[in-house]
1. Between LYS149 and THR27, how many nm apart are label points set 7 Å from Cα along the C-beta direction?
2. With point charges of +1 on the Cβ of Lys and Arg and -1 on the Cβ of Asp and Glu, referenced to the Cα centre of region 67-197, which listed residue (MET120, ILE178, LEU104) lies farthest in the positive direction of the dipole?
3. Rounded to the nearest angstrom and ordered from largest down, what semi-axes does the equivalent ellipsoid of the chain get from its C-alpha gyration tensor (root of 5λ)?
4. Based on alpha-carbon atoms only, what is the radius of gyration of region 14-55 relative to the globular estimate 2.2 N^0.38 Å?
5. Would you mind working out the magnitude of the charge dipole of region 124-173 relative to its Cα centre, with +1 at each Lys and Arg C-beta and -1 at each Asp and Glu C-beta, to the nearest 20 Debye?
6. Counting Lys and Arg as +1 and Asp and Glu as -1, what is the net charge of the other residues whose Cβ lies under 13 Å from the Cβ of LEU159?
7. Keeping all protein chains in position, work out how much accessible area ASP135 exposes to a 1.4 Å probe, and write it in Å² to the nearest 10.
8. Please list, by residue number, every one of the trypsin sites (Lys or Arg not before Pro) in region 44-121 that is coil in DSSP and has at most 10 other beta-carbon atoms within 10 Å.
Amino acid sequence: MAPELILHGLPPSHPCMTVAAALEYKTLPFERIDFTPGEHVEKMQEIYGEGNSTVPGLLVDGEPVHGSCAILERLETIAPEPTLYPTPQVREAELWGDGELQDLGRRLPWGALHFRPEAMGTYAGRDPLDGAGTDFAIGYVRASWKYHKVSAARLQEDLAGLPAMLAHVEQLAQEGVIGGEQPNAADFQIGATIRVLLTIGDLRPLLAGSAGERIALRHFPDNPGDVPAGAYPAGWTPSR
Ligand SMILES: N[C@@H](CCC(=O)N[C@@H](CS)C(=O)NCC(=O)O)C(=O)O
């Protein structure tokens, strides 16, 4: 009998998208509980232990498993087929996606929203914010820059480093590690981050036609968020 699975998340979280996609791929029924940003810190630590304040977390028959990679590994023991780890290279690519690429899915959208705060409403699936909403968003984005350690200097560096990251994704696809007919842990991990990057209009030309874009849209066709092109300062977005 399948264990009871409860996924704890935050609504706009790409590692939560990764876990939800893996659960669905393995056709494991689960309940999802989304916390309100802010309250999640205390609630997650209550369930997953001191220091484990980030999402996702998964309760497996009440046993806490914290972090997207640990959760996917655990899912593999619950339901070995279809496998998430067909080769050791997939695990390596998944860990790269978690350790190197994933942070860009936080810093680049928050970075863009500083310049287009009215677009924050689109990440909740709504229209761009009105004046009062934008006032709120300006404060929220400022706090998020601090929390996620975004600075203009770091944003510029992240953007400059993006082509190399995307080249690695392309190489993984060429080697057949990701982007195959059967999805795997690395597809779900890398694809979720690229899907978030696709919400940023400035980055869409860079991603157009890439393996990352194809993988992201295949596994995460509908994802809210749209920051219109022209958000980042001129000359910061790398060209193809
Ligand atoms: N690499 C970890 C990172 C998790 C992570 O940083 N999650 C973000 C959401 S995308 C989060 O919980 N942010 C709120 C916070 O850091 O308190 C994983 O994949 O589980």
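The values are calculated or read from the model by the stated rules, or taken from the named source; none is laboratory data. All values derive from a computational prediction rather than experimental measurement. Note that each Cβ is placed from the backbone with ideal geometry, even for glycine, and that neighbours are counted across all protein chains shown. When the accessible area is computed, the model is the full protein with side chains, heavy atoms only, and any ligands, DNA or RNA have been set aside. Shrake-Rupley method; radii C 1.70, N 1.55, O 1.52, S 1.80 Å.
1. 4.3 nm
2. Of the options given, the answer is MET120.
3. Values: eigenvalues 164, 107, 43 Å².
Square roots of five times the eigenvalues give 29, 23, 15 Å.
4. Here the answer is 1.29, to two decimals.
5. In debye, rounded to 20, region 124-173 gives about 240.
6. -1
7. 110 Å²
8. Passing sites in region 44-121 do not exist.
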